[in-house]
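S.K.: My questions all concern the structure below.
The values are calculated or read from the model by the stated rules, or taken from the named source; none is laboratory data. Since this is a predicted model, take the numbers as computed values, not measurements. We place every Cβ from the backbone using ideal geometry, glycine too, and count neighbours over all the protein chains shown.
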Amino acid sequence: MESESKRKKESPNTAELAVTASFPDEVLEIVLSLLTSHRDRSSVSLVCKDWYRAERWSRTQVFIGNCYSVSPEILTRRFPNIRSVTLKGKPRFSDFNLVPPNWGADIHAWLVAFAAKYPFLEELRLKRMAVSDESLEFLASNFPNFKLLSLLSCDGFSTDGLAAIATHCKNLTELDIQENGIEDSSGSWLSCFPESFTSLEVLNFANLTSEVNTDALERLVSRCKSLKVLKVNKSISLEQLQRLLVRAPQLEELGTGSFLQDLTARPYADLESAFNNCKNIHTLSGLWEAVPLYLPALYNSCANLTFLNLSYTALQSGEFAKLVVHCPRLRRLWVLDTVEDKGLEAVGSNCPLLEELRVFPADPFDEEIIHGVTEEGFVAVSFGCRRLHYVLYFCRQMTNAAVATIVQNCPNFTHFRLCIMTPGLPDYLTNEPMDEAFGAVVKTCSKLQRLSVSGLLTDLTFEYIGKYAKNLETLSVAFAGRSDRGMQCVLEGCPKLRKLEIRDCPFGNEALLSGLEKYESMRSLWMSACNVTMNACRRLAKQMPRLNVEVMKEDGSDDSQADKVYIYRTVAGPRRDAPPSVLTL
Amino acid sequence: MEALGLNMGFEETELRLGLPGNRVRSEGEGSRKRGFSETVDLKLNLSSKDTSEKVKSFQKEKHPLPRATDPPAKPPAKTQVVGWPPVRSFRKNMLGVVQKSSGEESDMAGGNNAAFVKVSMDGAPYLRKVDLRMYNTYKDLYDALGKMFSSFTIGNCGSQGMKDFMNESKLMDLLNGSDYVPTYEDKDGDWMLVGDVPWGMFVESCKRLRIVKGTEAIGLAPRAMEKCKNRR
């Protein structure tokens with residue numbers, strides 16, 4: 001659609017030019033409203049003033065990757081008709097406690113602006129934002145058409161806020177609460193959905209811990225005939241799950257509760273039959289505390305599974321292998337490393353369609369634990385699953401040769417996130433740095449968008465990245481590199497780089513300042529525990545007024561060192577809500 | 001004693017890795033960031049209520065693993081590093097799947113060695129069986145028992161003497177006060193109060209569980225205390 005309109009505009013034929021000159025805005029808006037990709041829309045808005053105008057009137061969804069890159073006022077001024085907002089707040093390292101509390105990213109100011117300018121707002125998706133109960137109550141009371149709330153990795157609210165949403169949002173279709181720092185005081189929020197409420201299609205409260213009223217849940221599930229996604233929490237037993245399944249055979253995504261319960265023969269048969277009756281389930285998660293005994297109840301349901309999330313279930317290799325045999329259509333798999341290499345071998349043998357694998361560590365902090373997965377498991381998967389393009393792999397050892405084999409088998413990686421859990425660990429067979437491993441990745445995987453490196457790495461890794469990773473957008477670096485040259489190679493070499501996060505590396509001022517213009521084409525840069533000084537940050541801030549340069553100070557550290565630096569481009573100027581520990585230069 | 005005195009004097013001149021102005025740490029480990037151990041405790045936010053685990057991590061800080069890697073990024077021992085490995089705090093807290101009892105490496109290697117014990121509750125018409133290896137803390141066990149005997153509630157199993165341990169580890173937060181007390185028969189055939197010993201030790205020594213009415217458990221406490229003293 002877009003290219004057609006563009007071609008018309010560029011034609012040298014005067015008659016056609018006359019046509020486009022009187023091309024009514026309304027028609028243009030209709031055409032543009034069919035564009036959904038944010039990047040396409042950004043491009044379109046740059047063509048000319050007419051198109052900018054048409055685009056801004058027709059845009060209904062907006063995605064803001066850094067909530068401080070723009071202000072609510074600027075947003076609402078430019079786009080008058082927004083129905084759906086996605087906002088991301090804190091730097092990603094806040095997930096790992098590297099960002100001070102009260103850092104910011106509070107949603108409230110945005111909600112106030114939206115209440116005035118977007119009273120018909122329908123969808124809100126938040127990631128790493130600070131959300132209070134007051135904000136949730138405000139949201140529930142000010143947007144009568146509100147349909148979709150998704151909170152991922154947010155914090156600051158409690159189940160009281162959820163109660164407000166359940167009580168007041170009469171048109172709610174989706175409530176998706178994932179991995180948040182939520183104060184879970186009680187499960188009574190679920191009972192707040194009125195008996196007249198039937199519109200729910202997605203309900204995910206898997207990561208809450210309080211018990212909910214199971215009668216209320218059953219009634220809710222019964223009357224919401226369009227419910228497609230149900231992910232319950234640990235407090236729901238197998239028997240209760242069975243009753244829910246019987247009431248919602250149309251489910252497509254299921255997150256079970258606790259899979260641990262002493263079931264006698266009859267309830268087990270009922271459970272199995274309930275699962276068999278749900279013929280549309282393609283995504284399965286939960287399975288808290290799964291006992292191998294009851295997993296066979298799932299076997300028939302697994303035939304059509306495309307996404308299996310076992311990342312909260314500590315299955316051993318044997319029982320996992322038995323389960324995976326039944327999942328030939330699997331495309332995405334998340335597991336704990338308790339399944340070990342043997343479990344991953346079973347994946348390689350049984351899941352030829354696999355595209356995404358995430359292996360999480362069951363016990364990341366205990367050095368005495370010597371189990372988990374090694375390079376062998378990863379290699380085994382790569383031989384069996386040639387379509388693999390997304391991997392997140394936590395392991396305790398790796399070799400250059402293994403990674404080279406892996407990318408040879410799977411050259412289509414778009415996301416390669418390898419975490420060798422001991423910082424600075426070399427190839428355990430050759431004792432060499434892991435440079436060649438990541439060299440192989442960037443040389444072979446031309447579509448690579450996201451890379452996380454680990455292990456012992458010299459500047460050579462970064463030379464490789466700068467030279468070959470031409471599509472790289474996100475790079476995460478920890479405990480790596482030898483000198484400023486490493487970071488410089490990346491800044492000079494990766495044209496599409498948008499997010500760079502670095503911790504505990506010997507990169508200093510020269511490296512920081514070599515990226516001056518680059519940072520304006522990026523979303524953000526994070527550097528912590530490196531060798532950057534306050535003076536360098538001040539120089540950077542002075543020379544680049546369109547960047548916000550924020551330094552987070554640690555208590556009692558040297559005044560001249562910039563312990564944690566967060567730099568991002570913005571049209572909104574320096575922010576005014578930073579806590580005292582964050583200095584804006 | 002003399003050696004100590006000598007060391008005290010030289011401390012200030014000792015060469016260390018780290019930024020100028022760093023406070024000298026008594027552990028003797030030059031580190032880039034001050035207050036690492038404090039930050040670890042606060043920020044790693046290890047929510048396991050098992051105090052022995054915290055003790056273990058402190059001890060590790062005093063003796064970090066030696067590294068043969070090149071400078072300048074001196075990689076510290078894992079437990080010292082804030083936010084590493086990069087696992088979301090939320091995920092860390094939700095994973096109650098790790099068995100922390102000592103000397104269990106062989107168990108892990110051997111796979112699932114089940115530890116089924118019979119569970120009886122006074123007044124209940126039937127017994128149940130639980131696999132103690134499915135749980136990692138007393139709280140997990142109580143939750144499971146609570147579900148099994150859902151028409152009863154498990155009582156506050158601290159006599160006055162046990163309260164300190166209970167309060168510290170907050171195991172009793174979710175349990176209502178009532179008349180029932182969990183006890184167990186150990187390898188020696190003695191009936192003990194559940195909750196006295198570290199979880200791992202309990203799993204190894206527990207032969208069967210009995211949830212008794214509170215009145216009968218009162219006499220249990222002094223004997224249990226005595227036995228624990230003998231153990232230590």
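S.K.: With the checklist (1) surrounded by 22 or more Cβ atoms within 10 Å (Cβ to Cβ); (2) within 25 Å of the chain's Cα centre (by Cα); (3) at negative phi; (4) not polar (S, T, N, Q) in hand, flag the one item A:F479 doesn't pass.
M.R.: Result: A:F479 passes all but (3).
S.K.: Looking only at segment A:127-160, count how many residues are polar (S, T, N, Q), farther than 26 Å from A:N81 by Cα and assigned to a strand (DSSP E or B).
M.R.: The number of residues fulfilling the criteria is 1.
S.K.: Please verify whether segment A:463-470 includes one or more residues that are crowded, with 23+ Cβ neighbours inside 10 Å, over 24 Å from A:R332 (Cβ atoms) and within 14 Å of chain B (Cβ to nearest Cβ).
M.R.: No, segment A:463-470 has no match at all.
S.K.: Please go through segment A:92-115 and give me each residue that is over 19 Å from the mean Cα position of the chain (by Cα) and within 14 Å of chain B (Cβ to nearest Cβ), ordered by number.
M.R.: A:P100, A:P101, A:W103
S.K.: Sticking with this structure for a sec: Please enumerate the residues belonging to segment A:83-103 that are crowded, with 21+ Cβ neighbours inside 10 Å and assigned to a loop (DSSP other than H, G, I, E, B).
M.R.: Of everything in segment A:83-103, those that are crowded, with 21+ Cβ neighbours inside 10 Å and assigned to a loop (DSSP other than H, G, I, E, B) turn out to be A:G89, A:K90, A:P91, A:L98, A:V99, A:W103.
S.K.: What's the number of the condition A:G515 fails, among (1) more than 14 Å from A:F462 (Cα to Cα); (2) at pLDDT 95 or above?
M.R.: A:G515 satisfies every listed condition except (2).
S.K.: Follow-up question, since we're still on this one. Just for segment A:487-539: of the residues that are within 14 Å of chain B (Cβ to nearest Cβ) and assigned to a loop (DSSP other than H, G, I, E, B), which one is surrounded by the fewest Cβ atoms within 10 Å (Cβ to Cβ)?
M.R.: Per the criteria, the residue is A:P506.
S.K.: Pairs only if they're at least six apart or on different chains, beta carbon under 7 angstrom, first in segment A:558-582 and without any contact (Cβ under 8 Å) to a residue 24 or more places away in the chain, second part of a loop (DSSP other than H, G, I, E, B); list them, first residue then second.
M.R.: A:D558/B:L19; A:D558/B:P20; A:D558/B:G21
S.K.: Still on this structure: Please go through segment A:430-453 and pick out each residue that is in contact (Cβ under 8 Å) with a residue 24 or more places away in the chain and more than 21 Å from A:N409 (Cα to Cα).
M.R.: A:T430, A:E432, A:P433, listed by residue number.
S.K.: While we're looking at this one, here's another question. For segment A:371-385, does any single residue satisfy the condition of being in contact (Cβ under 8 Å) with a residue 40 or more places away in the chain and farther than 30 Å from B:N136 by Cβ?
M.R.: no
S.K.: Quick check, is A:V490 modelled with pLDDT of 95 or more and over 23 Å from the mean Cα position of the chain (by Cα)?
M.R.: Considered against the rule, which asks whether it is modelled with pLDDT of 95 or more and over 23 Å from the mean Cα position of the chain (by Cα), A:V490 comes out as yes.
S.K.: Is it true that A:N102 is in contact with a helix residue (DSSP H, G or I) (Cβ under 9 Å, 6 or more places away or on another chain), over 24 Å from A:N213 (Cβ atoms) and at pLDDT below 95?
M.R.: Judged against the criteria, A:N102 is not a match.
S.K.: Do we find that A:I182 is within 14 Å of chain B (Cβ to nearest Cβ), closer than 19 Å to A:C224 by Cα, of a type outside the set (F, W, Y) and crowded, with 21+ Cβ neighbours inside 10 Å in this structure?
M.R.: Values: within 14 Å of chain B (Cβ to nearest Cβ): yes; closer than 19 Å to A:C224 by Cα: no; of a type outside the set (F, W, Y): yes; crowded, with 21+ Cβ neighbours inside 10 Å: yes.
Against the criterion (within 14 Å of chain B (Cβ to nearest Cβ), closer than 19 Å to A:C224 by Cα, of a type outside the set (F, W, Y) and crowded, with 21+ Cβ neighbours inside 10 Å), A:I182 does not qualify.
S.K.: Here is a follow-up. Among A:E55, A:E26, which is touching a Ser or Thr at 6+ places or on another chain (Cβ under 7 Å) and assigned to a helix (DSSP H, G or I)? Give the steps one after another, and end with the answer.
M.R.: Numbers: A:E26 fails: touching a Ser or Thr at 6+ places or on another chain (Cβ under 7 Å).
Result: A:E55 is the single residue among A:E55, A:E26 that is touching a Ser or Thr at 6+ places or on another chain (Cβ under 7 Å) and assigned to a helix (DSSP H, G or I).
S.K.: Just to check your reading of the model, which residue among A:L392, A:L344, A:L357, A:L353 is within 14 Å of chain B (Cβ to nearest Cβ) and either polar (S, T, N, Q) or closer than 25 Å to A:R450 by Cα (or both)?
M.R.: After applying the criteria, what remains is A:L392.
S.K.: For segment A:282-322, give me each residue that is buried (at least 17 other Cβ atoms within 10 Å of the Cβ), more than 11 Å from every other protein chain (Cβ to nearest Cβ) and closer than 19 Å to B:D131 by Cβ.
M.R.: Those that are buried (at least 17 other Cβ atoms within 10 Å of the Cβ), more than 11 Å from every other protein chain (Cβ to nearest Cβ) and closer than 19 Å to B:D131 by Cβ: A:L287, A:Y294, A:L295, A:A297, A:F320.
Matching residues to (1) part of a strand (DSSP E or B); (2) crowded, with 19+ Cβ neighbours inside 10 Å; (3) among the β-branched types (V, I, T):
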residue	(1), (2), (3)
A:P423	no, yes, no
A:E432	no, no, no
A:E436	no, yes, no
A:L451	yes, yes, no
A:S454	no, yes, no
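S.K.: Among the residues of segment A:540-571 satisfying the criterion of being within 14 Å of another protein chain (Cβ to nearest Cβ) and in a strand (DSSP E or B), which is nearest to A:E473 (Cα to Cα)?
M.R.: Checking each candidate, the answer is A:K564.
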